[in-house]
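Worksheet: one structure, shown below.
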Amino acid sequence: MSDASLLKLEAEFNANSERKVQAGDKVAELEAAFDRLRKRMRKAERKEGRRTQEGARLFNKVMETRADSLEGMFAKVRVRERWNTDEEASEIATLKSLIADLRALADIQS
C-alpha cells in the first residue's frame, strides 16, 4: 500500500470520525429531549390520575344524591355516559341509584 492510499484512507477515516461525533451529538440532543418529554409525560400522568380520582369522587357523589324528578335522573344518566362505566362497580352504582330514585319518586306520588 502506498502513502497516497494511506492518506486517502486517513481522510476517509477522519471524515467518518467527524460524522460519528455529529451522530453522537444528535443522539445526546435527542436523549435530552426525550428526558424532558418523559418528565412532562409523568407530570401529565399525575395530573390525569388526580383528575380521575376527582371524577370518581364526583361520580359517586352524583350517584349518592337522590333525584326528585326525571330531570335529576337524566342528569345521572348523562354523568354515567361521560364516566368510564366499563367497570361493573360503576354500572351497579348507577343502576342502584336510579332504582332508588324511581322508588323515592313512586313513594312521593303515592
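A few notes on this one:
- Dividing the summed helix terms, -39500 (n - 2.57) for each DSSP H run of n ≥ 4, by the number of residues in the chain produces a 222 nm estimate of -32000 deg cm²/dmol to the nearest 500.
- A simple rule links phi to the HN-Hα coupling: the Karplus curve 6.51 cos²θ - 1.76 cosθ + 1.60 with θ = phi - 60°, which for region 3-19 gives 4, 4, 5, 5, 5, 5, 5, 4, 4, 5, 4, 4, 5, 5, 4, 5, 5 Hz, with x for Gly and Pro.
- Solvent accessible area, Å² - K61, 1.4 Å probe, full protein context: 120 Å²
- Calculated FRET efficiency, A100 to A44, Cβ-Cβ distance, R0 = 41 Å: about 0.65 to the nearest 0.05.
- Heavy atoms of L7: accessible area, 1.4 Å probe, square angstrom to 10: 110 Å²
- Protein accessible area in the chain, 1.4 Å probe - carbon and sulfur %: 56 percent
- For region 28-110, the list of GluC sites (Glu not before Pro) that fall in a loop by DSSP and count at most 14 other C-beta atoms within 10 angstrom reads E87.
- Principal axis dimensions, the chain - Cα atoms, whole angstrom, descending: 110, 21, 20
- Sequence-distant lysines (8 or more away, or on other chains) whose Cα lies within less than 28 Å of K43: K26, K61
- Relative to the Cα centre, the charge distribution of the chain, modelled as +1 at Lys and Arg Cβ and -1 at Asp and Glu Cβ, gives a dipole magnitude of about 460 debye.
- Compactness of region 65-109, taken as the C-alpha radius of gyration over 2.2 N^0.38 Å, stands at 1.16.
- Stokes-Einstein D for region 1-51, Kirkwood Rh over Cα pairs, 25 °C, 0.890 mPa s (µm²/s): 172 µm²/s
- Electrostatic dipole magnitude of region 1-51 [Cβ: Lys, Arg +1; Asp, Glu -1; Cα centre; debye, to 20]: 1040 debye
- Area of S17 that stays accessible when all protein chains are in place (1.4 Å probe, Å², to 10): 50 Å²
The values are calculated or read from the model by the stated rules, or taken from the named source; none is laboratory data. On a predicted model such as this, the values are computed, not experimentally measured, just so you know. All Cβ positions, glycine included, derive from the backbone under ideal geometry; neighbour counts span all protein chains shown. Just so you know, the surface numbers come from the protein's heavy atoms only, side chains and all, with ligands and any DNA or RNA stripped out. Shrake-Rupley method; radii C 1.70, N 1.55, O 1.52, S 1.80 Å.
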